[in-house]
1. Within region 67-95, take every residue that is exposed (fewer than 12 other Cβ atoms within 10 Å of the Cβ) and of a type in the set (A, V, I, L, M) and give me the one that is nearest to L34 (Cα to Cα).
2. Considering only residues that are on the phi < 0 side of the Ramachandran plot and at pLDDT 50 or above, which ones fall in region 13-38?
3. When residues of region 50-80 are filtered for being out of contact with any helix residue (DSSP H, G or I) (no Cβ under 6 Å at 6 or more places or on another chain) and either under 27 Å from F27 (Cα atoms) or of a type in the set (S, T, Y) (or both), how many remain?
Amino acid sequence: MTEEALNTNEADTTGSVRVDAGVRQGFPPIPEGLDDGHVHEVVDRLHVVICTIEDHIESHPLVQAIPSIHGKIERATALLADAYQEAGAVGFIPPAA
């Protein structure tokens, strides 16, 4: 992608802009040796784990009955959600508004 395309926020076919120098916008670049597929893969796996925790652990009657356990599960889910957001931002700049 040319510097001119970067400056005009030219979108690729996914609607997002791939910028290895995305760190200028606060987004980390995709590490050398990895590609967009790695980003998609980890975001997908984080989503599966978050859904599994919410569906099968957080809603469990024992977890609901003991606030200290429930709080730990909620904090774990929140940390995974933060990782999901951070991983999804790697290598990309959102389209211009």
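1. Looking at the filtered set, the residue picked out is L79.
2. Correct list: Q25, F27, P28, P29, I30, P31, E32, L34, D35, D36, G37, H38.
3. Looking only at that region, the number is 9.
The values are calculated or read from the model by the stated rules, or taken from the named source; none is laboratory data. As the structure is a prediction and not an experimental result, all values here were calculated from the model. Reconstructed Cβ throughout: ideal geometry from the backbone, glycine too, with neighbour counts over all protein chains shown.
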